[in-house]
Every structure is written in structure tokens, then in C-alpha cells.
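Working notes, structure below.
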Amino acid sequence: MLKPSYAPDEDCKQTMTTMTALQGTDIQITTKLCRFCGAGLYRTFVDLGMSPLCETYPSTAELNHGEVYYPLHVYICEQCWLVQLEEYESAENIFSDYAYFASFSDSWLKHCEKYCNEMQARFCLGAKSFVAEVASNDGYLLQYFVRQGVPVLGIEPAANVAKAAIEKGVPTLVRFFGAELAKELAAEGRTADLVIGNNVLAQVPDLNDFIEGLKILLKPEGVVTLEFPHLLRLIEHNEFDTIYHEHFSYFSLISTVTILETHGLRVFDVEELKSHGGSLRVFTCRAEAKTHAVAENVARVMLEEEKAGLRTVDGYKNFAQQVKETKLALLEFLLKAAREGKSVAGYGAPGKSATLLHYCGIGKDLIEYTVDRSPYKQGRFLPGTHIPIHHPDHIRESKPDYVVILPWNLQDEIMKQLQYIREWGGQFVVPVPKATIL
Ligand SMILES: [Zn+2]
């Protein structure tokens with residue numbers, strides 16, 4: 001594994017676990033180290049209390065079992081500006097039987113098809129190219145390359161979703177990705193023209209090993225595209241519920257460029273996307289690649305982040321208070337609805353709902369049930385709160401006064417699908433950035 005140039009060596013790391021730092025008059029002791037650069041983590045970004053793992057949906061038989069809660073305490077590294085959670089649960093435990101099937105959202109599939117068409121045109125991908133996707137889920141994206149006759153390989157650690165990919169004709173390896181697997185593939189001559197990492201970077205516990213693997217898997221002039229929620233938008237739009245245990249890291253372009261450059265990769269373009277409340281798509285290649293001139297977008301987004309203070313503590317310090325305001329506004333709405341005898345249902349059972357509901361202290365008494373299109377989740381319960389998850393038809397049958405859209409990033413799509421709630425005077429509510437009736 002390549003080490004960042006300013007990463008402490010092992011001896012130094014040992015010392016750092018017991019070192020103290022003076023901050024104002026408080027003496028702080030930390031055993032927490034940045035997962036990228038190894039610096040001590042002293043500064044809190046936000047502390048969201050305790051929450052269960054968000055993608056574990058108990059069945060009726062499991063309702064009497066206990067559930068483990070972990071802290072959701074997010075820190076800022078003041079060396080490399082990586083915002084991060086500690087890893088509380090091993091990645092194997094979280095991702096081996098993952099409930100998230102990417103193919104259940106229509107708008108997400110459209111986004112992926114568009115991406116495949118754009119990449120094919122921009123990088124001239126054809127029958128002789130090779131495209132690899134890390135965390136390829138159920139083949140939601142690679143299926144479009146398969147249809148275009150471009151050879152692909154998916155790499156996906158969750159056996160249940162990988163099986164769905166293979167069934168739809170997307171070759172998939174059931175493995176965790178890192179430098180070791182990349183070396184195996186490279187030794188077989190399977191280096192790639194395009195390596196895709198969509199919404200996976202945040203979930204990687206060993207960031208340095210993962211990035212090193214991406215580089216090893218790349219042909220000399222190959223391209224890696226990485227999509228991830230943009231920290232700048234998370235702060236701006238108060239998207240605190242996108243913080244959960246499965247997401248270990250939260251990236252700005254500033255921290256991403258530092259991380260990639262340390263591993264001999266250079267960023268040559270970046271696109272701003274609307275997905276997941278505002279994401280970045282970063283294009284990177286080997287530092288020594290001869291093609292891929294640097295686009296103006298890179299300097300533009302970097303400048304925007306610098307203006308927002310993301311290279312100093314100033315850009316991060318108001319977030320915790322902003323989050324508290326969101327909680328108060330949502331509780332005010334729900335308590336008022338309860339006092340007035342109005343019925344409130346949820347829509348969706350996304351990972352982010354666990355953070356939202358636990359941080360805000362919302363249970364079945366305030367949101368009676370939720371619904372989800374995924375058959376895997378129907379008949380099960382939200383973790384911790386045990387709010388039941390029904391088939392979407394349940395909304396038509398029970399006619400709630402309010403439907404709280406939990407995956408607010410899919411708000412337009414969901415409102416279109418559920419337009420019929422207007423027939424009985426039903427109204428939609430989004431919880432973030434501030435509880436609003438639509
Ligand atoms: Zn760091």
C-alpha cells in the first residue's frame with residue numbers, strides 16, 4: 001500500500017493514539033486517526049447520537065431480538081480535510097447481505113443509461129474495450145454497456161445482489177475490491193479502459209488500499225470515474241441524514257484531489273450532478289497519462305469550495321447547529337399533526353431514514369408506517385424504530401393525511417407516482433433541509 005507522503009510511520013502512530021492536544025482551554029485526548037493521512041481527529045463535524053445499522057431490516061421473527069446501536073459521531077481531519085466516521089462495524093458484516101438493490105429506482109436507472117452513453121462516446125468504448133465497475137450492485141449500470149457490446153466485469157461483495165447481476169447477464173465477481181484483487185486482474189491482463197466507482201468511495205474502510213487498487217486496474221491511458229455525494233452540498237442543504245454507518249467518509253473535491261494525487265492519479269475533469277442531493281463525478285487518470293487535458297471545471301469547483309471555507313475550519317463549524325434546527329422543525333410539524341389527529345405515513349425505507357428517525361427521536365407514534373417498492377423490504381421493519389414497511393398500495397388503502405418522503409432525493413419521481421393522494425386531500429412532506437409541506 002502506498003502511503004501518503006505526510007502519513008505518520010507506525011511508531012509515530014502509536015504515540016499519536018495517546019497524544020493530547022490543547023484546544024482553547026479544553027484538553028482533548030484522541031485515539032482516532034484519519035483513515036487517509038493518519039493525523040489525529042480532534043474536531044467534531046456533527047454528533048448525531050446513537051443509531052442502528054441502517055440497512056438491516058428486521059423481520060417479524062426478529063422483532064424480539066436486541067439491536068446494536070453505534071455512535072454516529074463525525075470528525076473533520078484538519079490535515080487533509082477528509083470528513084469521516086470511525087469504522088464501528090466491519091465492512092464484511094455490513095455489506096455481505098446488503099438490502100440495497102440499485103435497480104428499484106427509475107430515475108437512477110435513467111441517470112446510469114445516460115452515463116454509459118456519454119462515456120462510450122467520450123472515450124470511444126467498443127467491443128475491444130474493457131469496463132470494470134467496483135461495487136457493481138445488481139448490474140444496474142453495466143447492463144447498458146453489455147447491451148452496447150462493451151465487455152464488462154462487475155465486482156460486488158454482497159452475494160445476494162451479485163446474483164441478481166449475473167442473472168441479467170452482467171459478469172460479476174463476488175469479492176471486496178482492493179489492491180490485492182486489482183493485482184490479480186492485472187496479472188491476467190485484465191486492465192481497464194474505464195473503471196467505475198459510483199457511490200462506493202464513502203463505503204471504503206481502507207481508502208488507501210482501494211485507491212491504489214483503482215490505479216493498478218487502470219490501463220496507461222485509462223480513466224476512472226468516481227461519483228459521490230458532494231460534501232459542499234451536504235453542508236449547504238443540510239443533508240445530515242446521508243450520514244450513516246455504511247458511509248465512513250464524506251468528500252469535498254479538495255480532499256479527493258489530495259487523496260488521488262498521493263496515489264499518483266490526477267483529476268482532469270469534474271461534473272456536478274443532481275443525484276443524492278448533489279454529487280460530484282470526478283474523472284481521474286494516471287499522473288503520467290499523455291491524453292486527458294485538465295478541464296476548467298476542476299479549478300472552478302475547487303474555488304467554490306475554498307470560498308465556502310472548506311480548507312479551514314470555518315466551512316464546517318455551523319453544521320451541527322443547522323442540523324439541530326432541522327430536527328426541531330420536523331418535530332414541530334409531527335407533533336402538531338398528532339395533536340390535530342392527522343394520520344402520517346412515510347414513503348420509502350432508504351438507509352438515510354434510520355439516521356433521520358433516530359436523531360430526531362421519531363417512532364411509530366409519529367409515523368405509523370412506511371412503504372417501499374423493494375419486495376425485500378416489504379413485510380419487514382425499519383431498524384430500531386420498528387416502523388412497519390408495507391407495499392406502496394397500502395397508502396391508497398389507508399389514505400393518510402400526510403406522506404413524509406424519506407428518500408427526499410427522489411421527491412419529484414415519488415410525487416408523480418403518488419399524485420392520487422390529492423384525491424382525499426393528502427399532502428406530501430419533505431423532512432430536509434427543513435420540514436416543508438408540498
Ligand atoms: Zn487526514
How high is the FRET efficiency from L273 to Y69, r the C-beta distance, R0 25 Å, rounded to 0.05? 0.15
Give the separation of the Cα centroids, the range 141-186 to the range 309-351, in Å. 37 Å
How high is the relative contact order of the range 327-438? Use alpha-carbon pairs under 8 Å, at least six apart in sequence, and give a whole percent. 27 percent
Using alpha-carbon pairs under 8 Å, 6+ residues apart, how would you state the relative contact order of the range 234-329 in percent? 28 percent
For the range 360-438, which semi-axes, largest first and in whole Å, follow from the square roots of 5 times the eigenvalues of its Cα gyration tensor? 18, 16, 13
Taking the alpha-carbon set of the chain, what are its Rg and Dmax in Å? 22.1, 67
Give K32/K327; K163/K352; K163/K219; K110/K219; K128/K163; K114/K274 a once-over and call out the pairs whose C-alpha atoms are over 18 Å from each other. K32/K327; K163/K352; K163/K219; K110/K219; K128/K163
Using only the Cα atoms of the range 264-372, what do you get for the radius of gyration and for Dmax, in Å? 20.9, 66
Ellipticity estimate at 222 nm from DSSP helix runs (n ≥ 4, -39,500 (n - 2.57)) divided over the chain, nearest 500: -9000 deg cm²/dmol
Need the list of aspartates and glutamates near K342 for cross-linking: C-alpha distance under 20 angstrom, and skip anything on the same chain fewer than eight residues off. E332, D365, E368, D393, E397, D401, E423
Two-decimal Rg/Rh across the range 100-203, once Rg and the Kirkwood Rh are taken from alpha-carbon atoms: 0.94
If the label point sits 7 Å along Cα→Cβ of R311, residues of the range 260-275 with amide N under 20 Å come out as 260-271
Heads up, I need the accessible area for R35: 1.4 angstrom probe, whole protein in place, Å², nearest 10. 40 Å²
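The values are calculated or read from the model by the stated rules, or taken from the named source; none is laboratory data. None of the values given here were measured: they were computed from a predicted structure. Quick reminder, even Gly has a Cβ in these numbers, built from the backbone with ideal geometry, and neighbours come from all protein chains shown. Areas reflect the complete protein model, heavy atoms only, side chains present, ligands, DNA and RNA absent. Shrake-Rupley method; radii C 1.70, N 1.55, O 1.52, S 1.80 Å.
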